[in-house]
Amino acid sequence: MPLTGLPSPATGNGRTPEPRPVTAFTPIPDLAEAYQQAQRELEALKRDHRRVARKLRAEKQLRPWQVELLKLQRHLEAHRMRMIVLFEGRDAAGKGGTIRRATRYMNEKHYRVVALGKPTEEQRSEWYFQRYVAQLPAGGEIVLFDRSWYNRAMVEPVFGFCTEQEYEHFMLGVTGFEKDLVRQGTILVKLYFSVTREEQRRRFARRLDDPLRQWKFSEIDMQAQDRWDDFTTRKYEMLKHTGTPSAPWVIIRSGDKQRARINAIKVVLNAVDYDDRDPGLDFEPDRDVVLSDTEEIMLMEAERTRRGSFTS
């Protein structure tokens, strides 16, 4: 039976609905571009997720060692002991990052990070060690030098910021200065962070590409790669002539930042027989990361013999 005469479907208000407009199809090129954009955003999200996951794993690995550093601090405070840790090495070797992780949970009342800038004209006329002596720790305190008096052993002579005579006077006097510090009860730890030329170049490139890291890149950094060999020679002379039984250098291979940070903290902790040490932790430094100054000197000399010059 034909359905003629039946009323048209109506809306709730009794009116007949307007016919729906025909939707145009999205052009194929636009769909392809939208898909590619979605893929790019997905990859960016995956990278962010991996980065956050790595950061969380790293923080979890560091946590027990940061707890031990708090115990060390309490021990130094209780016994009114003085401690100095020197962080030396080339630019982008990982010194600053290690200091930040080591001090993240420390009691701010009992530690200081010292990073002295360019000396004034008045300071240049003083005894070289004078401005560093003003920063030495009191009893119960630990001072971490982000670069130290050893600026005169590497950075200053490489860039001509001191005379050759000033350099020679420093090299002759620094061991006696440190011997007096140690003899009078100061615990002195000297860390040298060692990075390869290729890894330094990669880290510099990352600093330049990242707006949040560009502030780290300086005029000095721009010349670091060109003056690599000069720095290497000065490094060798520094290790050979300023490492002593009472104040040896400890070399930290810092190509892997996380392993370098943990092992540097181990070296600091092992310098003091503090109370309540966690027996469940392995305090033995990783031999692939931590070397003595004697071992590093031997490796450098062997390389010079084999290649005719220092290249690392």
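The values are calculated or read from the model by the stated rules, or taken from the named source; none is laboratory data. The model shown is predicted, which means the values in this text are computed figures rather than measured ones. Counting neighbours? That spans all protein chains shown, and the Cβs are built from the backbone with ideal geometry, glycine included. Each accessible area value is taken on the protein alone, full model and side chains, heavy atoms only, with ligands, DNA and RNA left out. Shrake-Rupley method; radii C 1.70, N 1.55, O 1.52, S 1.80 Å.
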| field | Nitroxide proxy distance, nm - points 7 Å out along Cα→Cβ at ASP278 and THR120 | value | 4.5 nm
| Where labels lie 7 Å past Cα in the beta-carbon direction, separation of HIS79 and ARG57 in nm | 3.7 nm
| task | Highest first, please rank the peptides 53-64, 197-208 by the mean number of other Cβ atoms sitting within 10 Å of their residues. | result | 197-208, 53-64
| Which shape class, rounded, prolate or oblate, goes with segment 94-140 when its Cα gyration tensor gives a ≥ b ≥ c as root eigenvalues, a/c under 1.5 marks rounded, and past that a/b bigger than b/c marks prolate? | oblate
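I'd like to check one number: the per residue accessible area of segment 119-244, probe 1.4 Å, reported in Å² as a whole number. Before the final figure, lay out the partial values.
On the way: 6400 Å² over 126 residues.
Counting only protein heavy atoms, the per-residue value for segment 119-244 is 51 Å².
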| field | Extension gain, ARG197 back to ASP229 (0.36 nm per residue minus Cα-Cα distance, nm) | value | 10.5 nm
| field | Proximal charge balance of GLY185 [Cβ under 11 Å; K/R count +1, D/E count -1] | value | +2
| note | Which residues qualify? For LYS190, with a placed amide H closer than 5 Å and at least 5 residues away or on another chain, they are LEU86, VAL250
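Where the only charges are on Cβ atoms (+1 Lys, Arg; -1 Asp, Glu), what is the dipole of segment 210-261 about its Cα centre, to the nearest 20 debye?
The dipole of segment 210-261 has a size of about 360 debye.
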| task | Measure nothing but the geometry: give the 0 to 90° angle between the long axis through the Cα atoms of 293-307 and the longest principal axis through the Cα atoms of the chain, rounded to 10°. | result | 80 degrees
| remark: Cross-link reach from LYS240 to lysines, straight Cα distance under 18 Å and at least 8 residues apart if same chain, gives LYS179, LYS190
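Extension gain GLN258-LYS71, at 0.36 nm per residue separation less the Cα-Cα distance, in nm? Write out the running numbers ahead of the final one.
Values: separation 187, 0.36 × 187 = 67.32 nm, distance 2.15 nm.
That works out to 65.2 nm of additional length.
Where the only charges are on Cβ atoms (+1 Lys, Arg; -1 Asp, Glu), what is the dipole of segment 195-312 about its Cα centre, to the nearest 20 debye? Can you show the working numbers first?
Working: 22 positive and 24 negative charges, 115 e Å.
Once rounded to the nearest 20, the dipole reads 560 debye.
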| note | So, over other residues within a Cβ distance under 9 Å of ARG74, counting Lys, Arg +1 and Asp, Glu -1, the net charge is -2
| message | If I model a spin label at PHE129 and ASP180 as a point 7 Å from the Cα along the Cα→Cβ vector, what separation in nanometres do I get? | response | 0.5 nm
| If you put +1 on each Lys and Arg Cβ and -1 on each Asp and Glu Cβ, how big is the dipole of segment 170-242 around its Cα centre, in Debye rounded to 20? | 220 debye
| task | Under a cut-off of 15 Å between alpha-carbon atoms, report the aspartates and glutamates in cross-link reach of LYS71, not counting same-chain residues fewer than 8 places apart. | result | GLU108, GLU141, ASP273, ASP275, ASP276, ASP278
| query | In segment 26-154, carbon and sulfur make up what percent of the accessible area (probe 1.4 Å)? | reply | 53 percent
| task | Pull up the cross-link candidates among the lysines for LYS216, meaning alpha carbon to alpha carbon under 18 Å and not fewer than 8 places away within one chain. | result | LYS95, LYS118, LYS257
| message | Amide H of GLY89 versus every other amide H placed in the peptide plane: which residues, excluding those fewer than 5 positions away on the same chain, fall under 5 Å? | response | PHE193
| field | Dipole-positive endmost among THR196, ALA32, GLN258 within the chain (Cβ charges, Cα centre) | value | ALA32
| So for segment 163-312, taking the charge dipole from beta-carbon charges (+1 Lys/Arg, -1 Asp/Glu), which of PRO245, MET298, THR232 sits furthest toward the positive end? | THR232
